[in-house]
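Peer 1: Right, I'll just put the structure down here and ask away after.
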Amino acid sequence: MARIQSLRGFNDILPSDSAAWQHVEACAREVFAAYGYGEIRLPLLERTELFKRSIGEATDVVEKEMFSFKDREGDSLTLRPEGTASTVRAGLEHGLLHNQQQRLWYAGPMFRHERPQAGRYRQFHQFGVEAYGMAGPDIDVEVIALSARLFKRLGLSGLSLELNSLGGAETRANYRAALVEFLKKHEASLDADSQRRLAINPLRVLDSKVPATQAIVRDAPAIVDYLDADSRAHLDGLRQGLSDLGIAHVVNPRIVRGLDYYTKGVFEWTTTQLGAQGTVCAGGRYDGLVEQLGGSPTPAVGWASGVERLLLLMKAQSPNLPTHAPDVYLCWIGEAGRRAAAPLAERLRDALPRLPLVLHAGAGNLGAQMKRADKCGARVALVLGEAEAARQVVQVKSLRENIPQAECAWAELPARLAGLLKPN
RNA sequence: GUGACCGUAGCUCAGUUGGUUAGAGUCCCGGAUUGUGAUUCCGGUUGUCGGGGGUUCGAGUCCCCUCGGUCACCCCA
């Protein structure tokens, strides 16, 4: 009989990995709090129309990557492919964006119907920040500094920050016209994909990896030369602010972003250590989106980061990620030991609520129990037999360090075990 | 959506030009040690060889289809 398996690209996160996930999430939460960002929790399902109107009809995400379906009333619904659209929708719905500043963060699963590969899954997890109501580059600098601090906290190295500016709507239109004019002259020499993009989304041609196309694109007009004064000043301010904070970056005129709502400054954190999916965090300014979704004109900037990619990178860079290994394994022998063990375990948990302690359950002689204690990664095994129960003591055996086994009275145990608690 | 490679025990894998009853390591269980793990020794359990069809006296092995995985294209976090 065929067993039911998870859907393609939908992964289970097992206990052997979930400690590392929790660590990343906890670090992110702390950093968001340190900058005064408030969490917003959003539904996973939205009206399809929301994503069409925000991300853009002609983008790949909307054209062919959304999990969309009709519900029982015949409405078209979509599992969210990203978080920004929902954040704006919720902000407008609850009046969060009207004439005020907001610093928000979110975290959770996103869904895109793509062919899975390293660092790319159909259900993947992002956390992101969004800041509303602040037009100057100082807030762009802030969200980037926040991301840099987070990556540092996670122990990541070797990431590089690339910036570009897409300008406002007007410069984008001007630049687009100039670019199309240039590319038309070389149309015959472009690869097939780029020829197709020329008609649909010419900016993406800049991003092509085909060598022949790259050679042509090298001489193409650069958007930087078309920037309006406002966008120009914004980019300069952003760069200055980053330099003031010592955050290294390069301007890469070829980074474009596949979502239509971006304006002015956009950026990506990338690594060369993750194969083809090297972008670990990306974002930018989207000053037009709030108005586009029915609000008043509101400046906005934000980014999103992929948790799976961060974890892949952490695994590649640091050999020991956190685990769920308990500190203490309590073994017992005989009926008297068994009956004394559970109350003792509860007393220890009362005294040391954060001490992970596993009480042996089920069958198994002492040898088997010690084996379990070792295998589950405990640092200390406690042994409680008939003799110990009668005298209200336990044997304390260190499993990881060369410390002789010693006896300890129940009353002294909390003090003795407190030293095992991990800092923080 | 396109392409390449790969599917044999819970895990990592071997399996000869097609040839008896499909193997190893690991893991797990028991014992050597009726109360001491990680080392050692002994014994034991673990299989729809991804699924279906075909060729053949005979298929884990060859062919076709299909499903799944990995990586890349594309795209993006």
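The values are calculated or read from the model by the stated rules, or taken from the named source; none is laboratory data. Every value quoted in this text rests on a predicted model; they were computed, and no experiment measured them. Neighbour counts are summed over all protein chains in view; Cβ atoms, including those assigned to glycine, are modelled from backbone coordinates with ideal geometry.
Peer 1: Kindly indicate whether any position in the range A:59-71 is more than 30 Å from residue A:196 (Cα to Cα) and not basic (Lys, Arg). Spell out the reasoning first.
Peer 2: The first filter runs over the range A:59-71 and keeps only residues more than 30 Å from residue A:196 (Cα to Cα), leaving A:70-71.
With the extra rule that they be not basic (Lys, Arg), the set shrinks to A:71.
Yes, some residue in the range A:59-71 is more than 30 Å from residue A:196 (Cα to Cα) and not basic (Lys, Arg).
Peer 1: For residue A:118, state whether it is within 15 Å of RNA strand B (Cβ to nearest atom) and surrounded by 16 or more Cβ atoms within 10 Å (Cβ to Cβ). Before the answer, list the steps.
Peer 2: Details: within 15 Å of RNA strand B (Cβ to nearest atom): yes; surrounded by 16 or more Cβ atoms within 10 Å (Cβ to Cβ): no.
Spelling it out, it is not the case that residue A:118 is within 15 Å of RNA strand B (Cβ to nearest atom) and surrounded by 16 or more Cβ atoms within 10 Å (Cβ to Cβ).
Peer 1: Wholly within the range A:173-261, which helices (runs of 4 or more DSSP H) include no fewer than the required count, namely at least 2 residues that are within 20 Å of residue A:278 (Cβ to Cβ)? So that I can check it myself, show each step before the final result.
Peer 2: Details: elements: A:192-200, A:211-217, A:229-244.
Output list reads A:211-217.
Peer 1: Could I ask something else about it? So which residues in the range A:110-169 are of a type in the set (Lys, Arg) and part of a loop (DSSP other than H, G, I, E, B)?
Peer 2: A:112, A:115, A:122
Peer 1: Looking only at the range A:3-41, count how many residues are within 16 Å of RNA strand B (Cβ to nearest atom) and either among the polar types (S, T, N, Q) or not in a helix (DSSP H, G or I) (or both).
Peer 2: Residues meeting the conditions: 13.
Peer 1: While we're looking at this one, here's another question. How many of the residues making up the range A:42-59 are away from RNA strand B (no atom under 14 Å from the Cβ), touching a strand residue (DSSP E or B) at 6+ places or on another chain (Cβ under 7 Å) and not aliphatic (A, V, I, L, M)?
Peer 2: So the first thing to find is which residues in the range A:42-59 are away from RNA strand B (no atom under 14 Å from the Cβ), and the list is A:42-50, A:52-53.
This time we only want the ones that are touching a strand residue (DSSP E or B) at 6+ places or on another chain (Cβ under 7 Å), so: A:42, A:44-48.
Those left that are additionally not aliphatic (A, V, I, L, M): A:46-48.
Residues in the range A:42-59 being away from RNA strand B (no atom under 14 Å from the Cβ), touching a strand residue (DSSP E or B) at 6+ places or on another chain (Cβ under 7 Å) and not aliphatic (A, V, I, L, M): 3 in total.
Peer 1: Can you name the strands (runs of 3 or more DSSP E) wholly within the range A:338-424 that have at least 2 residues being more than 15 Å from RNA strand B (Cβ to nearest atom)? Working first, answer last.
Peer 2: Numbers: elements: A:357-359, A:380-384, A:393-398, A:406-409.
Correct list: A:357-359.
Peer 1: Just for the range A:1-28: of the residues that are in contact (Cβ under 8 Å) with a residue 60 or more places away in the chain and among the charged types (D, E, K, R), which one is surrounded by the fewest Cβ atoms within 10 Å (Cβ to Cβ)? Write out each step before concluding.
Peer 2: The initial filter retains those residues of the range A:1-28 that are in contact (Cβ under 8 Å) with a residue 60 or more places away in the chain, namely A:7-11, A:15-25, A:27-28.
Narrowing the set further to residues that are among the charged types (D, E, K, R) leaves A:8, A:17, A:25.
Working: A:8: 11, A:17: 16, A:25: 15.
Among residues in the range A:1-28 that are in contact (Cβ under 8 Å) with a residue 60 or more places away in the chain and among the charged types (D, E, K, R), the one surrounded by the fewest Cβ atoms within 10 Å (Cβ to Cβ) is A:8.
To keep it simple, each residue is scored yes or no on (1) within 13 Å of RNA strand B (Cβ to nearest atom); (2) assigned by TED's automatic domain parsing to the domain that holds residue A:62; (3) among the β-branched types (Val, Ile, Thr).
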| position | (1), (2), (3) |
| --- | --- |
| A:124 | yes, yes, no |
| A:129 | yes, yes, yes |
| A:132 | no, yes, no |
| A:157 | no, yes, no |
| A:162 | yes, yes, no |
| A:174 | no, no, no |
| A:180 | no, no, yes |
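Peer 1: Separate question: Counting just the residues of the range A:241-284 that are near RNA strand B (Cβ under 8 Å from one of its atoms), at pLDDT 90 or above and touching an Asp or Glu at 6+ places or on another chain (Cβ under 6 Å), which one comes out nearest to residue A:304 (Cα to Cα)?
Peer 2: Step by step, filter the range A:241-284, then rank; the result is A:282.
Peer 1: Of the residues in the range A:262-316, how many are in a loop (DSSP other than H, G, I, E, B), touching a helix residue (DSSP H, G or I) at 6+ places or on another chain (Cβ under 8 Å), surrounded by fewer than 20 Cβ atoms within 10 Å (Cβ to Cβ) and hydroxyl-bearing (Ser, Thr, Tyr)?
Peer 2: Final tally of qualifying residues: 1.
Peer 1: Which of (1) at pLDDT below 90; (2) touching a Pro at 6+ places or on another chain (Cβ under 7 Å); (3) of a type in the set (Lys, Arg) is the odd one out, the single condition residue A:64 does not satisfy?
Peer 2: Every condition holds for residue A:64 apart from (2).
Peer 1: Exactly one condition in (1) of a type outside the set (Asp, Glu); (2) surrounded by 14 or more Cβ atoms within 10 Å (Cβ to Cβ); (3) within 30 Å of residue A:389 (Cα to Cα) is not met by residue A:354; state its number.
Peer 2: (2)
Peer 1: Given the condition crowded, with 21+ Cβ neighbours inside 10 Å, in contact (Cβ under 8 Å) with a residue 60 or more places away in the chain and either within 16 Å of RNA strand B (Cβ to nearest atom) or under 23 Å from the mean Cα position of the chain (by Cα) (or both), answer yes or no: does some residue in the range A:60-71 qualify?
Peer 2: no
Peer 1: Inside the range A:34-52, can you point out the residues that are surrounded by 13 or more Cβ atoms within 10 Å (Cβ to Cβ) and closer than 12 Å to residue A:78 by Cβ?
Peer 2: Of everything in the range A:34-52, those that are surrounded by 13 or more Cβ atoms within 10 Å (Cβ to Cβ) and closer than 12 Å to residue A:78 by Cβ turn out to be A:44, A:45, A:46, A:47, A:48, A:50, A:51, A:52.
Peer 1: Which one of A:4, A:55 is outside the structural domain of residue A:113 (by TED's automatic domain parsing) and β-branched (Val, Ile, Thr)?
Peer 2: Numbers: A:55 fails: outside the structural domain of residue A:113 (by TED's automatic domain parsing).
Sole residue among the options that is outside the structural domain of residue A:113 (by TED's automatic domain parsing) and β-branched (Val, Ile, Thr): A:4.
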